[in-house]
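Comments concern the structure below.
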Amino acid sequence: MKKTENSFKVPEGYFDNFTAKLFDNLPEEETITSNNEGFKVPEGYFEKFNKELEDRLDVKEPKVITLKSYKKYYYAAASIAAAVTIAIGLNLNKTPELSFDDLADADIESYFDSNESSLSSYDIAEVIPVGELEIYDVIDNHLSNENVMDYLENNIDDFDEFNLDNNE
């Protein structure tokens with residue numbers, strides 16, 4: 001390959017006094033800012049410009065379409081959702097209140113059998129108001145013929161005394 005030399009050369013000291021030569025070739029300031037260029041703005045032109053422009057243009061009022069704001073619907077939906085969430089949350093944490101009627105008879109009997117009470121049946125009878133009780137409250141429809149017969153056989157010594165004839 002053959003090496004080629006750069007044929008473009010700059011004379012020595014060309015850039016040293018380049019700026020001075022450039023300013024020598026430029027015309028003076030007063031010739032650049034001459035007032036005789038022919039471009040003048042009439043007096044009051046910019047004060048009247050907007051009004052004259054509007055007069056020339058056929059300006060129609062644009063039709064304004066108001067956009068419906070759905071924010072109030074979003075707020076209403078959010079408040080309803082919050083109220084439903086709170087109501088469900090409060091109802092889920094509620095436990096039903098237990099009453100004496102919810103207890104089974106077997107549970108009550110097992111409690112008294114397992115826990116010794118210092119109260120006798122007479123003490124308990126003094127506490128319970130008997131004046132408002134009726135026979136059906138005591139019997140509570142658990143009294144069957146078989147239960148009565150078993151009780152009488154176990155607790156009555158002379159069962160024949162109750163076998164009375166209809167004549168007597």
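The values are calculated or read from the model by the stated rules, or taken from the named source; none is laboratory data. Keep in mind that this is a model prediction, so the values were computed, not measured. Note that each Cβ is placed from the backbone with ideal geometry, even for glycine, and that neighbours are counted across all protein chains shown.
Remarks
- Counted residues, segment 117-168 - those being at pLDDT below 65, surrounded by 10 or more Cβ atoms within 10 Å (Cβ to Cβ) and either out of contact with any helix residue (DSSP H, G or I) (no Cβ under 9 Å at 6 or more places or on another chain) or acidic (Asp, Glu) (or both): 1
- Restricting attention to segment 46-89, the residues that are exposed (fewer than 10 other Cβ atoms within 10 Å of the Cβ) and polar (S, T, N, Q) total 3.
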